[in-house]
Amino acid sequence: MKYFNNLFKNIYCIKRNMSSFKLCLWENSMFVNCLIPTGETELKMVVTLLSPFNKSKKINLCRDPEDTINIFIERLSIKLLQTQRKVSNHDKVTKNCVQLKVNGIKVPCTSKCYELFEEIKENITLQIKDHTYKVIVNAPIVNEFKLGVPPYQGLMMYPFAFEQGYNVSIKDSKFLWYRISSKKEVEVGNNMTYIPTAEDVNCRLKLLCIPVNYEGQSGPTAEIISSEVLENTIKIFPFEKRLKTKPYNSIRVVSYNILAGEYTKTKEAKNEMYPYCPTEILASSYRNPLIMRELKAYKGDIICLQEVDKLFFHRELCPILNQSKDMTGVYLKKNGFRNEGLCCFYSPNKFNLLEQYNINLNDLTTMELYCGPIIKEIMDDETWKQGLEKKTVFQVLVFELISNKKQILLVCNTHLISDPDGDFIRLFQALIEMSIINKIKNNISKDYLGCNVSVIFCGDFNSTPESGVYDLATSLSLPEEHSKYNFNCYLYLNIYLAQSLFKEKFILPLKY
């Protein structure tokens with residue numbers, strides 16, 4: 001606790017409007033970060049400090065590295081003046097009251113910002129009248145993060161939306177959780193994630209984040225206070241009944257369609273698809289923390305997910321799984337206007353990622369590359385071509401097993417269409433994807449001679465064990481009963497299948 005107590009000496013908390021988030025900046029410190037801000041393409045100097053004239057006012061400045069020190073001081077003086085309360089003209093801050101020094105020597109006004117903040121970096125001070133600031137370059141700064149609302153007993157809580165910060169290594173940062181009741185604070189956790197207990201119900205929780213950068217340098221503390229924790233009537237979640245001990249020296253693969261948030265907000269979702277589910281339980285604010293807790297509990301080495309919101313991937317899945325399980329994620333957005341897609345997480349301490357294939361099934365050039373001239377025939381058939389007109393994407397990752405570098409895994413991830421009347425289209429899409437896998441597998445076998453290449457085919461296939469998709473994937477055959485979809489296409493598919501060179505069955509984590 002001494003570490004955290006020392007950090008709170010000489011600090012001031014800046015609260016953002018309409019939020020319980022606070023950034024506790026250090027007194028008499030100016031932070032300069034050299035980076036490319038989000039949404040921009042050019043390097044900038046981002047400056048943050050407390051005003052010496054009003055400790056509740058934070059000054060932000062973003063300048064071009066090519067600016068001279070004279071321009072930098074002029075802009076900073078204007079910002080400082082805006083924080084001064086009513087003062088006489090004599091007491092107003094001007095650029096003549098502001099100086100930058102290195103080792104106590106004034107920096108020439110004609111020097112460039114990058115020469116000072118990128119090349120020298122150390123022993124820099126800022127003088128504002130009789131106030132002296134230590135200049136700290138590239139320290140981690142957290143400008144904002146969030147907590148899920150509302151928090152529930154038993155659902156994992158964690159900070160997310162760190163993208164507003166600078167130079168922060170979430171994995172290396174330190175976290176402290178407190179329960180607030182009757183103005184009393186009790187420490188309850190010291191990890192990035194926390195699961196509220198019965199004792200936390202009707203209390204608020206406070207999270208402190210001590211950001212750390214990739215060089216181990218710490219920055220100003222940030223904190224946030226949650227709303228009151230709600231009681232959860234569910235005491236044991238279904239996934240807890242499914243947990244099994246992971247065998248020694250094994251690889252565990254998890255495949256899960258986590259239901260994109262955008263599909264839960266429509267009238268169809270509420271009235272037809274999930275009428276049995278209360279609105280507050282269907283909401284992403286409830287499901288996402290539960291998904292995070294479930295994924296961590298499975299202790300998977302490879303996690304393939306479908307219907308993953310882009311923001312959920314970047315803001316929550318990536319930082320939490322990286323910080324808690326040291327996993328790396330790869331994302332592939334679905335074609336079209338939908339902001340959801342596929343992702344695969346893996347443990348870099350078990351696998352080396354050798355190659356990555358992001359494939360769009362409606363990209364005819366790519367399809368012809370993998371499947372040959374039959375693609376042209378497909379597009380001439382009204383039934384066949386439906387399978388290539390959908391916005392389905394296909395993810396293939398090639399891994400080398402670190403413990404046995406002669407073993408290579410092709411981990412494949414897909415989400416076939418969900419149309420209730422689309423059995424044939426799903427069957428066709430599965431055949432195309434298996435043909436792609438076969439092509440990639442043969443190429444990998446040639447590139448990595450002497451290695452054993454195995455396939456793990458994951459996804460939401462929207463198919464049952466009675467379907468053609470299941471027969472195709474597990475026995476590499478199309479029984480005659482599947483010809484009911486379209487007899488001509490059935491014959492073509494069998495001919496095409498006969499020409500393929502599959503030599504092994506697939507390991508198939510199948511979602512029925």
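The values are calculated or read from the model by the stated rules, or taken from the named source; none is laboratory data. Not measured: the values here are computed from a predicted model. No Cβ is skipped: glycine too gets one built from the backbone with ideal geometry, and neighbour counts run over all protein chains shown. Note: areas computed on protein heavy atoms with side chains; ligands, DNA, RNA excluded. Shrake-Rupley method; radii C 1.70, N 1.55, O 1.52, S 1.80 Å.
Among the numbered conditions (1) under 30 Å from ILE170 (Cβ atoms); (2) touching a residue at least 24 places away in the same chain (Cβ under 8 Å); (3) outside any strand (DSSP E or B), the only one that ASN70 does not meet is (1). I'd like the full set of residues that are closer than 17 Å to ILE141 by Cβ, among the charged types (D, E, K, R) and either touching an Asp or Glu at 6+ places or on another chain (Cβ under 9 Å) or modelled with pLDDT of 95 or more (or both), limited to the range 40-62. Across the range 40-62, the qualifying residue is only LYS44.
With respect to being in contact with a strand residue (DSSP E or B) (Cβ under 9 Å, 6 or more places away or on another chain) and open to solvent by 30 Å² or more (accessible area, probe 1.4 Å), LYS58 fits the description. Hey, any hits in the range 104-124 for a residue that's assigned to a strand (DSSP E or B) and either of a type in the set (Phe, Trp, Tyr) or surrounded by 12 or more Cβ atoms within 10 Å (Cβ to Cβ) (or both)? Looking for residues that are assigned to a strand (DSSP E or B) and either of a type in the set (Phe, Trp, Tyr) or surrounded by 12 or more Cβ atoms within 10 Å (Cβ to Cβ) (or both), one finds at least one in the range 104-124, hence yes. The numbered conditions (1) within 26 Å of the chain's Cα centre (by Cα); (2) in contact (Cβ under 8 Å) with a residue 24 or more places away in the chain are all true for THR266 except (2).
Taken residue by residue, the range 197-206 has at least one member that is under 18 Å from GLU316 (Cβ atoms) and either open to solvent by less than 20 Å² (accessible area, probe 1.4 Å) or in contact with a strand residue (DSSP E or B) (Cβ under 9 Å, 6 or more places away or on another chain) (or both).
Tell me yes or no: at least one residue of the range 75-91 is without any contact (Cβ under 8 Å) to a residue 24 or more places away in the chain, among the hydroxyl-bearing types (Ser, Thr, Tyr) and not in a loop (DSSP other than H, G, I, E, B). Yes: the range 75-91 contains one or more residues that are without any contact (Cβ under 8 Å) to a residue 24 or more places away in the chain, among the hydroxyl-bearing types (Ser, Thr, Tyr) and not in a loop (DSSP other than H, G, I, E, B). Tell me which of these ILE281 doesn't satisfy, since it passes every other one: (1) open to solvent by 60 Å² or more (accessible area, probe 1.4 Å); (2) under 30 Å from LYS334 (Cβ atoms); (3) free of Cβ contacts under 8 Å to residues at least 24 places away in the same chain. Evaluating ILE281 over (1) open to solvent by 60 Å² or more (accessible area, probe 1.4 Å); (2) under 30 Å from LYS334 (Cβ atoms); (3) free of Cβ contacts under 8 Å to residues at least 24 places away in the same chain leaves (1) as the failure. Residue by residue through the range 207-243, note down the ones that are acidic (Asp, Glu) and surrounded by fewer than 19 Cβ atoms within 10 Å (Cβ to Cβ). Within the range 207-243, GLU215, GLU228, GLU231, GLU240 qualify.
Whether any residue in the range 377-384 is buried (at least 16 other Cβ atoms within 10 Å of the Cβ) and touching a Lys or Arg at 6+ places or on another chain (Cβ under 9 Å) is what I want to check. Checked the range 377-384: at least one residue is buried (at least 16 other Cβ atoms within 10 Å of the Cβ) and touching a Lys or Arg at 6+ places or on another chain (Cβ under 9 Å). Name every residue in the range 24-55 that is in contact with a helix residue (DSSP H, G or I) (Cβ under 7 Å, 6 or more places away or on another chain), open to solvent by 10 Å² or more (accessible area, probe 1.4 Å) and not in a strand (DSSP E or B), in order of residue number. Answer for the range 24-55, where residues must be in contact with a helix residue (DSSP H, G or I) (Cβ under 7 Å, 6 or more places away or on another chain), open to solvent by 10 Å² or more (accessible area, probe 1.4 Å) and not in a strand (DSSP E or B): THR38, PHE53, ASN54.
Screening the candidates LEU364, LEU369, LEU401, LEU388 for the property of being of a type in the set (A, V, I, L, M, F, W, C), surrounded by 15 or more Cβ atoms within 10 Å (Cβ to Cβ) and either within 27 Å of the chain's Cα centre (by Cα) or closer than 14 Å to LYS439 by Cα (or both) yields one hit, LEU401.
If you take the residues in the range 134-148 that are in a loop (DSSP other than H, G, I, E, B) and in contact with a helix residue (DSSP H, G or I) (Cβ under 6 Å, 6 or more places away or on another chain), which one is least open to solvent (accessible area, probe 1.4 Å)? Per the criteria, the residue is PHE145.
Screening MET18 against (1) part of a loop (DSSP other than H, G, I, E, B); (2) at pLDDT 90 or above leaves a single unmet condition, (2). Any chance the range 313-332 includes a residue that's over 11 Å from the mean Cα position of the chain (by Cα), surrounded by 19 or more Cβ atoms within 10 Å (Cβ to Cβ) and among the small types (Gly, Ala, Ser)? The answer is no; no qualifying residue exists. For the range 195-220, the set of residues classified as of a type outside the set (A, V, I, L, M, F, W, C) and within 22 Å of SER181 (Cα to Cα) consists of PRO196, THR197, GLU199, ASP200, ASN202, ARG204, LYS206, listed by residue number.
Restricting the first member to the range 217-237 and to residues that are farther than 24 Å from PHE162 by Cβ, and the second to residues that are in a strand (DSSP E or B) and open to solvent by 40 Å² or more (accessible area, probe 1.4 Å), the beta-carbon pairs closer than 9 Å and six or more apart or on different chains are GLU228/ARG204.
For the range 151-162, does any single residue satisfy the condition of being open to solvent by 50 Å² or more (accessible area, probe 1.4 Å) and either outside any strand (DSSP E or B) or modelled with pLDDT of 95 or more (or both)? Checked the range 151-162: no residue is open to solvent by 50 Å² or more (accessible area, probe 1.4 Å) and either outside any strand (DSSP E or B) or modelled with pLDDT of 95 or more (or both). What are the residues in the range 293-311 that are open to solvent by less than 10 Å² (accessible area, probe 1.4 Å) and within 14 Å of ALA260 (Cα to Cα), if any? Across the range 293-311, the qualifying residues are LEU305, GLN306, VAL308.
Condition check for GLU185 on (1) open to solvent by 30 Å² or more (accessible area, probe 1.4 Å); (2) in a loop (DSSP other than H, G, I, E, B): one failure, at (2). So, in the range 318-364, of the ones that are among the hydroxyl-bearing types (Ser, Thr, Tyr) and without any contact (Cβ under 8 Å) to a residue 40 or more places away in the chain, which residue ends up nearest to SER173 (Cα to Cα)? Taking the candidates together, the pick is THR328.
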